Amino acid sequence: MTRFEILHSESSCGWGGQELRVIDEARGFLSEGHGVTLVAPAESRIIVEARSRGVPVVALPIARRSVAALRALRAHIASRRIDIVNSHSSTDSWLSAIALQTVREGPKLVRTRHVSAPITGNWPTRWLYRRAADHVVTTGEALRLQVIREAGVRESRVTSVPTGLDLERYSPGDQRAARVELGIADDKFVVGVVATLRSWKGHRYLVEAFAAKACENWQLLIVGGGPGEENLRRQVSELGIEKKVLMPGNQSDVLPWLRAMDAFALPSYANEGVPQAIMQAQACGIPVVSTAVGSITELIADNETGLLVTPKDVDSLGAAIVRLAGDAALRRRLADAAHQQALQRYSDRLMIERMSDVFRSVMAARAP
């Protein structure tokens, strides 16, 4: 087996599916005997999470692009034997790309793109994707096609590697036991979402749809924290539904919250890749309502493995939730189909195998 020395870089100070994938991927390669280190800003949550999960991590001042950040990252790379730098956010990708231009016979750069935000067509961005990065990985096929189309990267240099899950952990469980643990009444119809509270996740539309359609025994779970929390709490208060909405903030273990749900709703309208929260809900046997944004359609076939609604459309979102609430057979059919899909496609081992293939191909291109 070829052993890699891998440096992951992550400049984001937030916490969500992207950061979780970085850690899970690092742990997967560590378990196979590869050398792995993560560099991230000292103030970022991923630093704490990586340490708690056994991933070697070094704090560097890379939250923003600056000369100091470039020098720190360049010094770290130059002082170690590294085969591959795997960058994950815009800032650390730029810093890595520029730093590697000054390191003689330095590591290869693999740029992983997790979101579907537009790619600017200016020449620096084209340089980053076409020349500085030796390979581009995306978390979904729709994102792969976007990189080819918008950045002009050759098809052979872009690979889709969907995020994987620990399917022994994310699996159907005892809903009643989960509700007892969380203090949720067993007679409730519970619809929920697990996601960072960012505007483009569409929480405000979910709250509005819930307020318009909710029956007496409905409960809404909004699990997660983020910059949109204050606005959401204000919206819930203004709509007078505080008693029907539970917002517990960030949770280190989302599994009981997922298992407590009858339906999962993520009405994103922008910037999505392949949301891990949808994958987790499907793996747990929870029917999902979402939108055709980013690579979500690679997870959900409408009326087969979930329900798709129009982004920012409160009426269609509400109607989908009402449909699930009133049809237990539909919930079971969608959940069963999505669970089987998860078993076939969402394995974390499959993610590591595919990333290994990318790294081997990149290293082979370097050989004389």
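The values are calculated or read from the model by the stated rules, or taken from the named source; none is laboratory data. Treat the numbers as computed from the prediction; the structure is a model and nothing was measured. All Cβ positions, glycine included, derive from the backbone under ideal geometry; neighbour counts span all protein chains shown.
Look at Val58 and say whether it is aliphatic (A, V, I, L, M) and either in the same structural domain as Ser295 (by TED's automatic domain parsing) or part of a loop (DSSP other than H, G, I, E, B) (or both).
no
Provide a single number: the residues in region 101-138 that are over 17 Å from Ser361 (Cα atoms) and aliphatic (A, V, I, L, M).
Result for region 101-138: 5.
Do any helices (runs of 4 or more DSSP H) lying entirely in region 246-325 carry at least 3 residues that are modelled with pLDDT of 95 or more and among the hydroxyl-bearing types (Ser, Thr, Tyr), and which ones are they?
On the way: elements: 255-259, 276-283, 314-325.
Answer list for region 246-325: none.
Residue under question is Arg360, and the condition is that it be more than 23 Å from Ala142 (Cβ to Cβ), in contact (Cβ under 8 Å) with a residue 60 or more places away in the chain, outside the structural domain of Gly140 (by TED's automatic domain parsing) and not aliphatic (A, V, I, L, M); does it hold?
no
Which residues, taken from region 123-159, are in contact (Cβ under 8 Å) with a residue 40 or more places away in the chain and not in a loop (DSSP other than H, G, I, E, B)?
The answer is His135, Val137, Thr138, Glu141, Ala142, Leu143, Thr159.
Out of Val57, Val85, Val67, which single residue is under 26 Å from Ser347 (Cα atoms) and free of Cβ contacts under 8 Å to residues at least 24 places away in the same chain? Step through it out loud before you land on a result.
On the way: Val85 fails: free of Cβ contacts under 8 Å to residues at least 24 places away in the same chain; Val67 fails: under 26 Å from Ser347 (Cα atoms).
Among Val57, Val85, Val67, only Val57 is under 26 Å from Ser347 (Cα atoms) and free of Cβ contacts under 8 Å to residues at least 24 places away in the same chain.
Inside region 194-234, can you point out the residues that are of a type outside the set (Gly, Ala, Ser), farther than 25 Å from Arg179 by Cα and not in a helix (DSSP H, G or I)?
Once the filter is applied, which keeps residues that are of a type outside the set (Gly, Ala, Ser), farther than 25 Å from Arg179 by Cα and not in a helix (DSSP H, G or I), region 194-234 yields Arg198, Pro227.
Can you name the condition, by its number, that Arg53 falls short on among (1) over 30 Å from Ile278 (Cα atoms); (2) surrounded by 13 or more Cβ atoms within 10 Å (Cβ to Cβ); (3) basic (Lys, Arg)?
(1)
Exactly one condition in (1) assigned to a helix (DSSP H, G or I); (2) under 22 Å from Gly164 (Cβ atoms); (3) touching a strand residue (DSSP E or B) at 6+ places or on another chain (Cβ under 6 Å) is not met by Ile23; state its number.
Here Ile23 clears every test but (3).
Looking only at region 93-118, count how many residues are under 21 Å from Gly140 (Cα atoms), touching an Asp or Glu at 6+ places or on another chain (Cβ under 9 Å) and modelled with pLDDT of 95 or more.
Number of matching residues: 4.
Filtering region 164-198 down to residues that are among the polar types (S, T, N, Q) and modelled with pLDDT of 95 or more, which residue is nearest to Arg233 (Cα to Cα)?
The qualifying residue nearest to Arg233 (Cα to Cα) is Gln175.
Say whether the condition of being closer than 23 Å to Trp123 by Cα and either surrounded by 19 or more Cβ atoms within 10 Å (Cβ to Cβ) or of a type outside the set (Gly, Ala, Ser) (or both) is met by at least one residue in region 9-29.
Step one: filter region 9-29 for residues closer than 23 Å to Trp123 by Cα, giving 11.
Remaining after also requiring either surrounded by 19 or more Cβ atoms within 10 Å (Cβ to Cβ) or of a type outside the set (Gly, Ala, Ser) (or both): 11.
For region 9-29, residues closer than 23 Å to Trp123 by Cα and either surrounded by 19 or more Cβ atoms within 10 Å (Cβ to Cβ) or of a type outside the set (Gly, Ala, Ser) (or both): present.
With the requirement that a residue be crowded, with 20+ Cβ neighbours inside 10 Å and not in a helix (DSSP H, G or I), what does region 330-363 give you?
Residue satisfying the conditions is Tyr346 alone.
Condition first: farther than 16 Å from Ile46 by Cβ and out of contact with any strand residue (DSSP E or B) (no Cβ under 8 Å at 6 or more places or on another chain). Now tell me which residues in region 86-105 satisfy that.
Within region 86-105, Trp94, Ile98, Ala99, Gln101, Thr102, Val103, Arg104, Glu105 qualify.
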